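Okay, so here's the structure we're looking at.
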Amino acid sequence: MSDGPATTGTSLVPRPVAARLGRRPPFDRRLVLLLMAGVLVLAGLVAAWLGQRATAQALSRPGVVWALSPASNTVTIRLVSHGGPSGHQVVADSHLVVSEHGTKHLRRTSPDGGKVRISVPPGKRTRLVVLVEGPQPFRRTLTVTVPPRLRVAVSRTGSSGLLIRASRQVRHRPTGPLCGTNTISFPASAEVAVARSPARCKTLLTLTALDGERAVVPVNIPALPQVPLYDTASPAGQAIYITVDAGSPPSPQLLNLMRRAHVPVTAFLSEQVAQQNLLYWRAFAGVGGTIGNYTASAPDLTKLTLSQAVTQWGRAQGAFGRWFGQAPRIGRPPSGAINSTVQAAAYQGGLRALVGWSATVNRNRIRTWNGKALKPGEIVLLRWTPDLGHQLSTLLAAIQSRHLHPRPLTLASFAGIPQVHSVAGG
């Protein structure tokens, strides 16, 4: 059997169909790109919408701010808006609850956001729970540390006033006098001194530490002692008292009359005048004269501060003690100008009596405060002018005619004599 011609296989599937099964048609890439772009745009729009919504919510959510006041040991907490109508509305519709260790102290704010004030103990750390109730509720915990309480101790410092010691440094604020006349100073960083004055001072003094903590100190300072003022002295023994407000140049006539008639005269002398003629005033004291304090430079003491007036009296006291062996106990305010400050300054300066006058001599005329004749106890003022010797001669003649007796003027001369409140001038 011989091989026959090759047989060609025949497909049972038609050619067009076979072609379609054997090859895929090309896919349109442009359509894919368009679909992807659409998805991205949609995702962006969604993200933008969500972001705007989140931003709007964040802006509308109220904020919480707080401040500590060490002066009153309080914390003030309040709601604030981040802006915009919605934010203000959320604050208006919200309530604020603040609690310390679970205890509610205040529970709602005013419609405009208000505030809550809560006391916190000094020297401790306090946890405060802040709960915001409303359209945008949230919770926050605050930790507040308050400085320790400012402690003070008050001690008296004798005639100077009060010394207040604080537990730590206090602010040295410039301030006017306490009670109008009691000066305040700071001897050290944690010390406050309140000086005495001619008037009693009863008030409250607030001290502030550097960290803001405050302490209120009750102040009760008695008035300074005041030197009494006299314009007459003891009339015992028909006594009369001759005084002169001394000046320059020296008066030889005064010394001559004192020597010849053995007349005691009290000269109220300033430090400046005494220093210019020490030999003369030592001779004056040697013939029976008494030296009184007329301050250091004879200013109007009523126009000075208390400390300045004390310096005026005190400087003269020290100088007279060195030059004449003892400091005077009596003084006269220059020109008779006096007030309670002058009297208090005289006491602090070492004096114990201030002397006015009840009669004056003007050339040939003697004038008394009541216009009557000289009587026992009068304190007579002579003027330091070139006719001083003539004034003294006129006065001695009147004294003799009235059977009066000149006497030295001392502290003892005022025993039992009522003091006055102003100098009688003439």
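The values are calculated or read from the model by the stated rules, or taken from the named source; none is laboratory data. As the structure is a prediction and not an experimental result, all values here were calculated from the model. A quick note on method: Cβ atoms are made from the backbone with ideal geometry, for glycine too, and the neighbour counts reach across all protein chains shown.
Within region 241-257, work out how many residues are out of contact with any Pro (no Cβ under 6 Å at 6 or more places or on another chain) and either assigned to a strand (DSSP E or B) or not assigned by TED's automatic domain parsing to the domain that holds Pro408 (or both).
Residues flagged as out of contact with any Pro (no Cβ under 6 Å at 6 or more places or on another chain) and either assigned to a strand (DSSP E or B) or not assigned by TED's automatic domain parsing to the domain that holds Pro408 (or both) within region 241-257 amount to 4.
If you check Leu381 against the conditions, is it surrounded by 17 or more Cβ atoms within 10 Å (Cβ to Cβ), modelled with pLDDT of 95 or more and over 17 Å from Ala267 (Cβ atoms)?
Spelling it out, it is not the case that Leu381 is surrounded by 17 or more Cβ atoms within 10 Å (Cβ to Cβ), modelled with pLDDT of 95 or more and over 17 Å from Ala267 (Cβ atoms).
Being at pLDDT 90 or above, crowded, with 22+ Cβ neighbours inside 10 Å and of a type in the set (Val, Ile, Thr) narrows it down to one residue among Ile221, Ile240; which is it?
Exactly one residue qualifies, and that residue is Ile240.
Can you pull out every residue in region 132-148 that is over 42 Å from the mean Cα position of the chain (by Cα) and either surrounded by fewer than 16 Cβ atoms within 10 Å (Cβ to Cβ) or under 30 Å from Leu210 (Cα atoms) (or both)?
Those that are over 42 Å from the mean Cα position of the chain (by Cα) and either surrounded by fewer than 16 Cβ atoms within 10 Å (Cβ to Cβ) or under 30 Å from Leu210 (Cα atoms) (or both): Glu133, Pro137, Phe138, Arg139.
Quick check on region 259-275: of everything there that is modelled with pLDDT under 95 and assigned to a helix (DSSP H, G or I), which residue is nearest to Thr311 (Cα to Cα)?
Arg259
Are there any pairs, at least 6 apart or on different chains, whose C-beta atoms fall under 8 Å, with the first in region 268-293 and surrounded by 15 or more Cβ atoms within 10 Å (Cβ to Cβ) and the second of a type in the set (Lys, Arg) and at pLDDT 95 or above, and if so, which?
Phe268/Arg332; Glu271/Arg315; Gly292/Arg332; Asn293/Arg332
Can you spot a residue in region 222-230 that is of a type in the set (Gly, Ala, Ser), closer than 22 Å to Ala345 by Cα and touching a residue at least 40 places away in the same chain (Cβ under 8 Å)?
yes
Condition first: surrounded by 13 or more Cβ atoms within 10 Å (Cβ to Cβ), under 30 Å from Ala337 (Cα atoms), free of Cβ contacts under 8 Å to residues at least 24 places away in the same chain and out of contact with any strand residue (DSSP E or B) (no Cβ under 6 Å at 6 or more places or on another chain). Can you find one or more residues in region 150-173 that meet it?
Looking for residues that are surrounded by 13 or more Cβ atoms within 10 Å (Cβ to Cβ), under 30 Å from Ala337 (Cα atoms), free of Cβ contacts under 8 Å to residues at least 24 places away in the same chain and out of contact with any strand residue (DSSP E or B) (no Cβ under 6 Å at 6 or more places or on another chain), one finds none in region 150-173, hence no.
Looking at this structure, is Arg29 modelled with pLDDT under 75, over 30 Å from Val216 (Cβ atoms) and touching a strand residue (DSSP E or B) at 6+ places or on another chain (Cβ under 8 Å)?
In short, no.
Scan Gly350, Gly318 and give me the residue that is assigned to a loop (DSSP other than H, G, I, E, B), small (Gly, Ala, Ser) and farther than 18 Å from Gly289 by Cβ.
On inspection, the qualifying residue turns out to be Gly350.
If you scan region 351-381, which residues turn out to be on the phi > 0 side of the Ramachandran plot and in contact (Cβ under 8 Å) with a residue 40 or more places away in the chain?
Scanning region 351-381 gives a single hit, Gly377.
Identify, from the list Ser234, Ser189, the residue that is at pLDDT 90 or above, loosely packed, with under 14 Cβ neighbours inside 10 Å and not aliphatic (A, V, I, L, M).
Ser189
Filter region 353-400 down to the residues that are part of a loop (DSSP other than H, G, I, E, B) and touching a Ser or Thr at 6+ places or on another chain (Cβ under 6 Å) and list them by number.
Scanning region 353-400 gives Ser358, Asn364, Trp369, Gly377.
Answer yes if at least one residue in region 325-337 is polar (S, T, N, Q) and not in a loop (DSSP other than H, G, I, E, B), and no otherwise.
Yes, there is a match, as at least one residue in region 325-337 is polar (S, T, N, Q) and not in a loop (DSSP other than H, G, I, E, B).
Within the group Gly336, Gly288, Gly350, which residue is in contact with a His (Cβ under 9 Å, 6 or more places away or on another chain) and not charged (D, E, K, R)?
After ruling out the rest, the residue left standing is Gly288.
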